[in-house]
Amino acid sequence: MKLQQKRQRNIGKGQMDKALYILAGWLIDGSGGPIREKVLLKIVDGRFAAIEPYSVETLPPAAQVKDLSHCTVIPPLVDCHVHLYMSGTTDHTIREWQLSAGYEELRPVIGRHLHYLFSHGVLAARDGGDHGGFALRYRAEPEMQREIILKVAGRAWHKKGRYGALIGRYPGEGESLAEAYAAENDAIDHVKLVNSGLNSLKIFGKETLPQFTLEEIAAVVRAAEQQNRKVMVHTNGRVPVQLAVAGGCHSIEHGFFMGRENLELMAEKGTFWVPTVFTMKAYGSNIHAAQAGADRQVIEKNLEHQLGQLAMARELGVKVALGTDAGSLGVLHGESMVEEMKLYKKAGYSLAETVQCATSNGAELLGIDDFGLLVNGKTATFLVARGAPAQLPRKLSYLEEIYLRGVPSALYRKNPVKHT
């Protein structure tokens, strides 16, 4: 009763206020700092005008307040490693079809995957390439989901005869990597290199040789930077990662078995790491569909080793951005974000630190300035999860609302359908 009377007294002085006010039970702002409780968000023209502690004394008129006191508010999620042309299905027939299908066949598949991302609060994603440049092509289509910021590599670069054909191509005969890159004029956002093979599911800790030399990597990084593009590199093992970091690549993708020295160098140089930890857990959960001869014990040891490296990265101050490798076996677009976040907790990251990796760190890596942090002046685009922070990240699978520029999205439907 007293609260209602106080609001009524405030109506006279606030009736001309065009701002929207939201009372959030908890706020995780994406900075990695402390979780805040009972916060009042003031939104003007789609941007945060104030974020301050809730107080009955300063509460605006009731008609202007959206009560989310039972919810936790966080920034939009950013998945820094997806392959939109592939689904996470364990059905080998479907997977083989997707690897060989043409653009028109895969066009609806890519659209569905973008819808799944949005439905799980992923409002920015970085595609790691496909053999036909299909994600790049789809981005220009009229049905492209404009609520998602999609950064694309087009087709990746790998060495002839080495792993990488399913996501890219190799330089021509007698052509250097930098020359091959310079000869292309695709409207890509970043460059994707492949500098190692895949991780073995049969032999623990097996490392493959690098695909490119330090000079080749450094040359293509310089060429990319001249066009304001970053270079992401698929790489595992000590030597392949060391060459990628020394060559100036901006993010290490996967990085299994790279070791402490590489992590120390990454911390020193400010190189991002996208660990894609859940891929290994997904192999273990779907071992019946993994490669012939896959060893469950090896997979489990691979996972534990990567979790140990992730804990080490936290200790050393490496910039970690969350990426799922969605499209890999058992790794579903959208849903896998929560699974990856759970593993960060297992590696010793606090909830606030995990959210930072999944939001603002990803936004920084992708060059997104307008969201990532919930602070004054930024666009009021954020996710609403019912319940307290203790229920995260699980509750992120079923968001209460998605706000875009201060307004609940009409496109979002609660309880998204599980998919394959």
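The values are calculated or read from the model by the stated rules, or taken from the named source; none is laboratory data. Quick caveat: nothing in here was measured; it's all calculated off a predicted structure. With ideal geometry, Cβ positions are generated from the backbone for all residues, glycine too; neighbour counts draw on all protein chains shown.
Here 341, 337 are screened, and the one residue that is touching an Asp or Glu at 6+ places or on another chain (Cβ under 7 Å) and surrounded by 21 or more Cβ atoms within 10 Å (Cβ to Cβ) is 337. One residue alone among 334, 362 is under 26 Å from residue 41 (Cβ atoms), in contact with a strand residue (DSSP E or B) (Cβ under 9 Å, 6 or more places away or on another chain) and assigned to a loop (DSSP other than H, G, I, E, B), and that residue is 334. Among the residues of the stretch 101-129, those that are part of a loop (DSSP other than H, G, I, E, B) and out of contact with any strand residue (DSSP E or B) (no Cβ under 8 Å at 6 or more places or on another chain) comprise 101, 102. Residues in the stretch 257-282 that are under 20 Å from residue 83 (Cβ atoms) and over 18 Å from the mean Cα position of the chain (by Cα): 0 in all.
Number of residues in the stretch 344-353 that are surrounded by 21 or more Cβ atoms within 10 Å (Cβ to Cβ) and either assigned to a helix (DSSP H, G or I) or assigned by TED's automatic domain parsing to the domain that holds residue 50 (or both) equals 1. Within the stretch 325-335, not a single residue is of a type in the set (S, T, N, Q), within 30 Å of residue 228 (Cβ to Cβ) and within 12 Å of the chain's Cα centre (by Cα). When 303, 307 are checked against the criterion of being in the same structural domain as residue 207 (by TED's automatic domain parsing), modelled with pLDDT of 95 or more and either assigned to a loop (DSSP other than H, G, I, E, B) or in contact with a Leu (Cβ under 7 Å, 6 or more places away or on another chain) (or both), 307 stands alone in meeting it. Determine which member of the set 72, 89, 93, 58 is over 26 Å from the mean Cα position of the chain (by Cα), within 30 Å of residue 275 (Cα to Cα) and of a type outside the set (A, V, I, L, M). Unique residue meeting the criteria: 93. Considering the stretch 124-172, the residues that are closer than 11 Å to residue 84 by Cβ and of a type in the set (Asp, Glu) include one that is farthest from the chain's Cα centre (by Cα), namely 130. Residue count for the stretch 215-245, restricted to those that are aliphatic (A, V, I, L, M) and either within 20 Å of residue 275 (Cβ to Cβ) or not assigned by TED's automatic domain parsing to the domain that holds residue 201 (or both): 8. Name the single residue that is nearest to the chain's Cα centre (by Cα) among those in the stretch 173-195 being part of a loop (DSSP other than H, G, I, E, B) and among the charged types (D, E, K, R). Checked the stretch 173-195; the qualifying residue nearest to the chain's Cα centre (by Cα) is 189. Residue-level check: of (1) assigned by TED's automatic domain parsing to the domain that holds residue 249; (2) surrounded by 22 or more Cβ atoms within 10 Å (Cβ to Cβ), residue 319 misses just (2). Counting just the residues of the stretch 62-90 that are over 30 Å from residue 319 (Cα atoms), of a type outside the set (A, V, I, L, M) and touching a Phe, Trp or Tyr at 6+ places or on another chain (Cβ under 9 Å), which one comes out surrounded by the most Cβ atoms within 10 Å (Cβ to Cβ)? Only one residue fits best here, namely 64. Is there any pair linking a residue in the stretch 124-145 that is modelled with pLDDT under 95 to one that is buried (at least 24 other Cβ atoms within 10 Å of the Cβ), with Cβ under 6 Å and at least six apart or on different chains, and which? Going by the 6 Å Cβ cut-off, the qualifying pairs are 145/114. Only one of the numbered conditions (1) in a loop (DSSP other than H, G, I, E, B); (2) within 18 Å of residue 124 (Cβ to Cβ) is not met by residue 356, and that is (1). In the stretch 130-159, the residue that is nearest to residue 363 (Cα to Cα) out of those that are charged (D, E, K, R) and not in a loop (DSSP other than H, G, I, E, B) is 151.
Inside the stretch 390-412, residues that are more than 20 Å from the chain's Cα centre (by Cα) and at pLDDT 95 or above make up a count of 8. Set side by side, the residues 112, 95, 162 differ, and just one is touching a residue at least 40 places away in the same chain (Cβ under 8 Å), touching a Ser or Thr at 6+ places or on another chain (Cβ under 9 Å) and under 30 Å from residue 361 (Cα atoms), which is 112. Criterion applied to 289, 267 was being at pLDDT below 95 and touching a Gly at 6+ places or on another chain (Cβ under 8 Å), and the one residue passing it is 289. Out of all the residues in the stretch 249-270, which are surrounded by 19 or more Cβ atoms within 10 Å (Cβ to Cβ) and either among the small types (Gly, Ala, Ser) or over 19 Å from residue 127 (Cα atoms) (or both)? Hits for the stretch 249-270 are 251, 255, 256, 257, 258, 262, 263, 266.
Evaluation of residue 289 against the conditions (1) out of contact with any Ser or Thr (no Cβ under 8 Å at 6 or more places or on another chain); (2) in a loop (DSSP other than H, G, I, E, B); (3) surrounded by fewer than 24 Cβ atoms within 10 Å (Cβ to Cβ); (4) of a type outside the set (Ser, Thr, Tyr) shows that the sole unmet condition is (1).
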